[in-house]
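K.L.:
Have a look at this one.
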Amino acid sequence: MTEGTSVHTRLQKSELVAERTMAFHFAKPPGFEFRAGQAIDLTLLNPPETDAEGNIRTFSLVSAPFDSDLTVATRLRDSAFKRVLSKEQPGLEVKIDGPSGSLVLHRKTEKPAVLLAGGIGITPYMSIVRQAAHDKTGHQIYLFYANRRPEDTPFLDVLTEAAKQNPQFHLIATMTEMEKSQRAWNGETGHIDKKMLLKYLPAVEGPIYYVAGPPAMVAAMRRILADTGVDDDDVRTEEFSGY
């Protein structure tokens, strides 16, 4: 499939992947191809309710190209789209358009990839990290992943396991509001900043940096990277708004 293609597919299952965050698994249409990190537009067909935000949302694919299904994940909030999707049973028919987007892993394996994510901005990186391990690309990948609490962190267990299985994948998860958590946490705390980058990266100049998250987080990360001495040409961003 090429960009701009529309197909129908059906929901296979849904699951809670963190507090107020769900993943939805859809059947992969025959011939649907995409690159890890790309997105689709998902349209609800004849939903029982709608609102001014409409029946279409853009989602980065959590699933990797080698997976047999198409998975998206989203924070739940009080919109008609989210209410309908969160209540639906397997078999729900939806329309998908895509793939689209250019937040994909660079080809030069000698240049490390530094992935910076906040919250649900993790979704494209799930695909990138798993596909790189599957393909044995050879990239050194550093994922800095900020959330308020472990309870709010989608796919934390999957990523922790991936880091154990792949010595070229380095997970630096950090929590910003541990005082509100009921869980133990031995990792980093506080926001991703220059000090944290310098602590874990062998060199700040040289890698390609990827930033995905809400617009304010993307802007803040850009400022931190500039302050750290990263060339703007080595920074790729994707903003997630309305989630």
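K.L.:
Condition (residue is of a type outside the set (A, V, I, L, M, F, W, C), over 30 Å from residue 206 (Cβ atoms), in contact with a Pro (Cβ under 9 Å, 6 or more places away or on another chain) and loosely packed, with under 14 Cβ neighbours inside 10 Å) applied to region 29-37: is it met by at least one residue?
P.N.:
Filtering region 29-37 down to residues of a type outside the set (A, V, I, L, M, F, W, C) leaves 29-31, 33, 35, 37.
This time we only want the ones that are over 30 Å from residue 206 (Cβ atoms), so: 29-31, 33.
Cutting the leftovers down to in contact with a Pro (Cβ under 9 Å, 6 or more places away or on another chain) gives us 33.
From what's left, loosely packed, with under 14 Cβ neighbours inside 10 Å: 33.
Yes, that holds for at least one residue.
K.L.:
Got at least one residue in region 203-211 being surrounded by fewer than 20 Cβ atoms within 10 Å (Cβ to Cβ), in contact with a helix residue (DSSP H, G or I) (Cβ under 7 Å, 6 or more places away or on another chain), without any contact (Cβ under 8 Å) to a residue 60 or more places away in the chain and over 19 Å from residue 119 (Cβ atoms)?
P.N.:
yes
K.L.:
Enumerate the pairs (first residue in region 72-96 and free of Cβ contacts under 8 Å to residues at least 40 places away in the same chain; second residue anywhere and among the basic types (Lys, Arg) and crowded, with 18+ Cβ neighbours inside 10 Å) with beta-carbon separation below 7 Å, excluding pairs fewer than 6 apart on the same chain, so at least 6 apart or on different chains.
P.N.:
These pairs meet every condition: 81/57.
K.L.:
Could you grab me the full set of residues in region 40-61 that are in contact with a Pro (Cβ under 8 Å, 6 or more places away or on another chain) and surrounded by 22 or more Cβ atoms within 10 Å (Cβ to Cβ)?
P.N.:
If we filter region 40-61 for residues that are in contact with a Pro (Cβ under 8 Å, 6 or more places away or on another chain), which is where we start, we get 40, 55, 60-61.
Correct list: 40, 60, 61.
K.L.:
Of everything in region 100-138, what is of a type outside the set (A, V, I, L, M, F, W, C) and surrounded by 24 or more Cβ atoms within 10 Å (Cβ to Cβ)? Give them in sequence order. Spell out the reasoning first.
P.N.:
As a first pass, look at region 100-138 and keep what is of a type outside the set (A, V, I, L, M, F, W, C): 100-102, 106-112, 118-119, 121, 123-125, 127, 130-131, 134-138.
Within region 100-138, 118, 121, 123, 124, 125, 127 meet the criteria.
K.L.:
Please pick out the residue among 177, 188 that is over 17 Å from the mean Cα position of the chain (by Cα), buried (at least 17 other Cβ atoms within 10 Å of the Cβ) and among the charged types (D, E, K, R).
P.N.:
Numbers: 177 fails: buried (at least 17 other Cβ atoms within 10 Å of the Cβ).
Criteria check complete, one pass: 188.
K.L.:
Looking at residue 220 and the list (1) more than 16 Å from the chain's Cα centre (by Cα); (2) in a loop (DSSP other than H, G, I, E, B); (3) more than 24 Å from residue 107 (Cα to Cα), which single condition is not satisfied?
P.N.:
Against the list (1) more than 16 Å from the chain's Cα centre (by Cα); (2) in a loop (DSSP other than H, G, I, E, B); (3) more than 24 Å from residue 107 (Cα to Cα), residue 220 comes up short only on (2).
K.L.:
Still on this structure, please answer the following. Against the condition touching a strand residue (DSSP E or B) at 6+ places or on another chain (Cβ under 6 Å) and surrounded by fewer than 15 Cβ atoms within 10 Å (Cβ to Cβ), how does residue 93 come out, does it pass? First the steps, then the outcome.
P.N.:
Details: touching a strand residue (DSSP E or B) at 6+ places or on another chain (Cβ under 6 Å): yes; surrounded by fewer than 15 Cβ atoms within 10 Å (Cβ to Cβ): yes.
Yes: the conditions hold for residue 93.
K.L.:
Among all residue pairs at least 6 apart or on different chains, which show Cβ distances below 7 Å where the first residue, located in region 133-144, is assigned to a loop (DSSP other than H, G, I, E, B) and the second is crowded, with 17+ Cβ neighbours inside 10 Å and of a type in the set (A, V, I, L, M, F, W, C)?
P.N.:
Short answer, once both residue conditions are applied: 139/105; 139/113; 139/132.
K.L.:
Within region 158-169, is there a residue that is in contact (Cβ under 8 Å) with a residue 24 or more places away in the chain, outside any loop (DSSP other than H, G, I, E, B), more than 20 Å from the chain's Cα centre (by Cα) and closer than 15 Å to residue 118 by Cβ? Give the derivation first.
P.N.:
If we filter region 158-169 for residues that are in contact (Cβ under 8 Å) with a residue 24 or more places away in the chain, which is where we start, we get 158-159, 162, 165-166, 168-169.
Next cut, outside any loop (DSSP other than H, G, I, E, B) only: 158-159, 162, 165, 169.
Going one step further and asking which of them are more than 20 Å from the chain's Cα centre (by Cα), we end up with none.
Checking region 158-169: not a single residue is in contact (Cβ under 8 Å) with a residue 24 or more places away in the chain, outside any loop (DSSP other than H, G, I, E, B), more than 20 Å from the chain's Cα centre (by Cα) and closer than 15 Å to residue 118 by Cβ.
K.L.:
Being under 21 Å from residue 108 (Cβ atoms) and under 23 Å from the mean Cα position of the chain (by Cα) narrows it down to one of 202, 207, 215, so name that one.
P.N.:
Details: 202 fails: under 23 Å from the mean Cα position of the chain (by Cα); 215 fails: under 21 Å from residue 108 (Cβ atoms).
Result: 207 is the single residue among 202, 207, 215 that is under 21 Å from residue 108 (Cβ atoms) and under 23 Å from the mean Cα position of the chain (by Cα).
K.L.:
Another one. Looking at region 47-81 only, could you name the residues that are under 21 Å from residue 156 (Cβ atoms), part of a loop (DSSP other than H, G, I, E, B), at pLDDT 95 or above and not hydrophobic (A, V, I, L, M, F, W, C)?
P.N.:
Those that are under 21 Å from residue 156 (Cβ atoms), part of a loop (DSSP other than H, G, I, E, B), at pLDDT 95 or above and not hydrophobic (A, V, I, L, M, F, W, C): 63, 67.
The values are calculated or read from the model by the stated rules, or taken from the named source; none is laboratory data. Quantities reported herein were computed from a predicted structural model and do not represent experimental measurements. Cβ atoms come from the backbone with ideal geometry, glycine included; neighbour counts cover every protein chain shown.
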